[in-house]
Amino acid sequence: MADLLLEYDDPDRLMAAARRLREAERRFEAITPYPLEGLAELTGFAEAHVPKLALAGGVLGAVLGFGGQVATNLLYPIDVGGRPPVAWQGFALVTALIAIFTAMLFALGGMLALNRLPKLRHPVFDDPRMSLAEPDRFFLLIPEGEREGLPELDPRRAAEVPR
Amino acid sequence: MTDAALDPIDRITRIPGDFPAPRAWWICFGVSLALLLLFLVSVGVLLVFGVGVWGNNIPVNWGLAIVNYVWFLGIGHAGTLISALLLLTGTTRRNALNRFAEAMTLFSVICAGLFPVLHLGRPWLFYWMAPYPNTMTVWPQFKSPLAWDFFAVLIYLIGSILFWYLGAIPDFAAMRDRSRSRFAQVAFGLAALGWRGEARHWARWRQAYRLVAALAVPLVFGVTASYALLFAAGPVPGWASGIFPAYFFCGAIFSGFAVVAIIAVTLRHALGLGALVTRSHLNLIGQLLLATGFMTGYGYAADAFTALWSGDAREIATLHDRWTGAYAWSYWGAVALNFLPLQLLWFRRVRVSPVPLALIGLSVTIGMWLERYMLLVTGLYRDWLVSSWGIYHASFWEWALFAGMIGVFLAPFLLFVRFLPVMSVFELREARHEKREAGHG
């Protein structure tokens, strides 16, 4: 046995098949050349980890950025016009910039980590029809254990993907 | 539908494999390589003989290097904003513009960042700006805009790379699957990180992309604020003005949209992209240019008004120096080139005509350079003390470095045009799909 790869030439037909799979409570993956509205939810996607990670990154960056500036000013106090070493107003801009930067890094890194990327080898790449360059190839990937008693899915083509 | 002639979007992924204008590309690339060589020579001369080869000296100690720094950085901001703001507002016309606008940002920020480093006098010690434990136990002065600026430019550069790359990952995957040569498959395959377009991957990607876009907007404000405060935080007449951060922001995106107009028209013509960069896109660029032009014009008016209103003798004297002094040509040149041809953009016919739009863009690009020159030099050449007045003329090697820096911008940009998808292919497809859905519904 192997995973089942179903190909569709039209996004609407793929969405219809995905809805049927959802109703039959099957686990499956969809592969599309561009994002389709609502498709991820049909595969059971319901999370907001990326925004939470970005928020955590931003908070971390703000703390480190502000703390770093306080620390360097205490380590090497520079007296210009009698300003206090810890002048928080002066630290605001760099704190904000670093917070934005770490939030960006966490958003990108979190997206990749949650998607388990980079992952250069994957069984679907072995299928000769698999291509993200063609605008009319949409795929459903049904794992081995979910193949029994599938509803009618009406694909253009079905193929086996050995694990 | 795989026939390239039938699908203009599909053409984008075929351009790198089958470039439509190889001769023109080689001529442009040859010119930019010559400029790049000039850059290397200019930097070599600077490093061997020191900043004495430049014309800047007390009182005008910033000179062309900082003029060009502000100018290049400003151009970069438009790429970020056009991409991020149009994404967040859900404008589908963005998809034909964002990729090359972001590439423009990347390369102009690199050019911008090189100028202050080369201007340091001892450029090889630029890393002293960074906080790091060192045997001198010296740390940066975090209450100075100079230290803010180091962080701003560095973070803006890396942030722009992240934003551009994140948006391009799915297109790298499409290029991987499209390419026939083994080398291209491996190169794009590595760049795509094994992207395979799974629905949940798309969902997380979209969350991340929208977040990074939303963060890029305040980042641009932070960067303009930091280099505007380089000027405004000191006691120099003509510089110490609260309007500078906003003024610099408007001028930055104004000059950047002007360069976007030039690039959009050039690429549209050279690569035959008229079906994707439509008259509606040119209209949008024209409208943005006109709107940001008026914001910049408001900056000019407010700057003059606050100087006159202040009643401060030195502020008013600097204003008079700008209008009638030794560098009045830069003030009136900026006003003329920035705002006179711009008025043609009131007419829709001009906004949707490629050549006039690009020419107005060129006029604004030069006009904004003159503005940066005017702001910098007129602030410094007549200071508080008559004894420290002086005239600045840029030397040959400053102009050579400026010309060479155009090569630093153009050479990688041309490589981008030649070898990478110049538009966001999957987003164009997504937009087309959604348009069809709306038509059905």
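The values are calculated or read from the model by the stated rules, or taken from the named source; none is laboratory data. As the structure is a computational prediction, the values presented were derived from the model and not from experiment. Cβ atoms come from the backbone with ideal geometry, glycine included; neighbour counts cover every protein chain shown. Note: accessible area is taken over every heavy atom of the protein model, side chains too, but ligands, DNA and RNA are not part of it. Shrake-Rupley method; radii C 1.70, N 1.55, O 1.52, S 1.80 Å.
Here the Karplus curve 6.51 cos²θ - 1.76 cosθ + 1.60, taken at θ = phi - 60°, turns the phi angles of the stretch B:183-192 into couplings of 4, 5, 4, 5, 5, 5, x, 5, 5, 7 Hz, with x standing for Gly and Pro. Loop sites by DSSP among the GluC sites (Glu not before Pro) of chain A, restricted to those with at most 11 other Cβ atoms within 10 angstrom, leave A:26-147 as the longest stretch without any of them.
For A:Leu4, nonlocal amide neighbours, meaning residues 5 or more places apart or on other chains whose placed amide H falls under 5 Å from its own, are A:Ile142, A:Glu144, A:Val161. Normalised by 2.2 N^0.38 Å, where N counts its residues, the alpha-carbon radius of gyration of the stretch B:219-325 equals 1.38. Qualifying trypsin sites (Lys or Arg not before Pro) in the stretch A:45-133, where qualification requires a DSSP coil assignment and no more than 13 other C-beta atoms within 10 Å, comprise A:Arg116, A:Lys119, A:Arg121, A:Arg129. For the stretch B:277-289, backbone phi angles converted through the Karplus equation (6.51, -1.76, 1.60; θ = phi - 60°) give residue-by-residue couplings of 8, 8, 4, 5, 5, 4, 4, 4, 4, x, 5, 4, 4 Hz, Gly and Pro being listed as x. Within the stretch B:157-218, the percentage of alpha carbon pairs spaced more than 19 angstrom apart rounds to 37%. The base-10 log of I(q)/I(0) for chain B, evaluated at q = 0.07, 0.14 Å⁻¹, reads -0.37, -1.38 [Debye formula, identical scatterers on Cα atoms, solvent excluded]. Considering only the Cα atoms of the stretch B:258-316, their convex hull presents on average a projected area of 4.8 nm². Quick check: from the Cα gyration tensor, does the stretch B:304-441 come out rounded (a/c under 1.5), prolate or oblate? Prolate shape, in that a/c is at least 1.5 and a/b is the bigger ratio. The trypsin sites (Lys or Arg not before Pro) of the stretch B:90-184 meeting both criteria, a DSSP state outside H, G, I, E and B (loop) and at most 16 other C-beta atoms within 10 angstrom of the site's C-beta, are B:Arg180. Between the helical axis of B:354-380 and the longest alpha-carbon principal axis of chain B there is an angle of about 30 degrees. Eigen-decomposition of the gyration tensor built on the alpha-carbon atoms of the protein assembly as shown gives equivalent ellipsoid semi-axes of 48, 28, 22 angstrom, largest listed first.
Would the stretch B:1-123 count as rounded, prolate or oblate if I go by the C-alpha gyration tensor, calling it rounded below 1.5 in a/c and otherwise prolate when a/b exceeds b/c, oblate otherwise? Verdict is oblate for the stretch B:1-123. For the stretch A:14-58, a reduction of at least 50 Å² in accessible area between the chain on its own and the assembled protein chains (probe 1.4 Å) is found at A:Glu29, A:Tyr34, A:Pro35, A:Phe45. For the stretch A:53-114, the convex hull spanned by the alpha carbon atoms encloses 65 Å³ per residue. According to the Cα-based calculation, Rg over Rh for the stretch A:1-126 is 1.27, with Rh computed by the Kirkwood formula.
Annotation: lysines with alpha-carbon distance below 17 angstrom to A:Lys52 (same-chain offsets under eight excluded): none found.
Using a probe of 1.4 angstrom and keeping all protein chains present, the accessible surface of the protein assembly as shown works out to 42 square angstrom per residue. Between A:Leu120 and B:Ala313, the FRET efficiency estimated from the beta carbon spacing at R0 = 56 angstrom works out to 0.25.
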